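The values are calculated or read from the model by the stated rules, or taken from the named source; none is laboratory data. Note that this is a predicted model, so its numbers are computed, not measured. For neighbour counting, all protein chains shown are included, and Cβ atoms are generated from backbone atoms with ideal geometry for every residue, glycine included. Surface accessibility is based on the protein's heavy atoms, side chains included, excluding ligands, DNA and RNA. Shrake-Rupley method; radii C 1.70, N 1.55, O 1.52, S 1.80 Å.
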Amino acid sequence: MKTLFVLLDKEIRQFFRNAFLPKLVIVFPVMVILIIPWVTTMDVRHIGVSVVDNDHSETSRRIIQKIEASDYFNLRGVTESYDDSFALLEGGEADVILTIPNDFELSLIGDSPKRIGIDVNGINAMKGGLGSQYMVQLVMQTFGELQREKSVVVSPDLFTVQNRYNPTLDYKHFMIPALMIMLLVMICGFLPALNLVSEKEIGTIEQINVTPVSRLSFTLAKLIPYWIIGFLVLTVAMVLAWLVYGLSPEGSPGSIYLAALLFVFTMSGMGVTIANNSSTMQQTMFVMFFFVMIFILMSGLFTPIESMPTWAQWITYILPPRYFVEVMRSVYLKGTMFVELWPNYVALAVFAVLFNSMAALTYKKQA
């Protein structure tokens, strides 16, 4: 135990002597939480809309006014025929055609309301899909105002939209938990691996190899400082998310920290395993980037797993971030309890044992 504390003291001193790492730990979470959600958002704006107004009623005029006032839409014109609007769609000037039928306002008070048509340019699937959703929300807001002002009862057969857990459809609320996970991947996986390989390159690891220091003490001394830093960074990120975006966990923060603990063990074990089998920092960086890219693209961090092909969905079961993503978003946005997420905790625990066992077995200490 005394040897472990001596090695820890050495690692902490070495960390703070580095001119770059302490600044990185401070600047990295601030930059990730405050800047990236704004510049990498998948919110779609400036959607071109052409309206075919066959009704010419107060309701249709109000819908058009809302389109003009919206930050998400650019009104390209109000036409008298569908062909005119379709020409705008074909020419790329419009992305969505909203068709309001004849006598639409009168049909709202009857038993058989006429349906509004929404045609979307599907070439850009993201823009088209979100554009149609935004349009439905805008029309429903207009109907809500009519119900309050004129006691008009709108038939539920027109369409019904409900957005659970993220009612404003703010993409930042979906993205911020994923960014917190990426912080832990970089700090608790990337940095320990580079630290270990740097010891190989400068030759100090050979001096430690000839000492009676055990493999466990040496590895723990390398990892514990980054575990502590990882939890501090996670806490800072959660506080920033609350202060800047008003986003706080709906469930227990303890559930998040427990999952983070298992995930940190997993990523550090993975980083040590890669470092043990690498000779240079460049080799370590390339291998780590390979796995990080897979994590980003296939773990549900930024794209839904359900949208992937079936074979790709099966691959995600062997990716540790998949389970942490599920825990973070469920606790943050839904308030899900630990007992409902226990399979994810078990999976993370299995990965933690597996990767740390591999790290211990691949570290070759020469007496």
Mind giving me the nanometre distance, one decimal, between the label points for VAL239 and LYS66, set 7 Å out from Cα along Cα→Cβ?
-> 4.1 nm
Rounded, prolate or oblate: which fits the range 224-311, taking a ≥ b ≥ c as square roots of the Cα gyration tensor eigenvalues, rounded meaning a/c under 1.5, else prolate when a/b beats b/c?
-> oblate
Which GluC sites (Glu not before Pro) in the range 38-120 pass both tests, a DSSP loop state and at most 10 other beta-carbon atoms within 10 Å?
-> none
Inter-probe distance in nm under a simple model that places probes 7 Å from Cα toward Cβ, at VAL346 and MET31 = 4.1 nm
Per residue, how much accessible area does the range 214-367 have with a 1.4 Å probe, in Å²?
-> 49 Å²
For the range 234-362, the percent of accessible surface on carbon and sulfur atoms (probe 1.4 angstrom, ligands and nucleic acids excluded) is 74 percent
Alpha carbon centre of the range 231-260 versus the range 27-80: separation in Å?
-> 31 Å
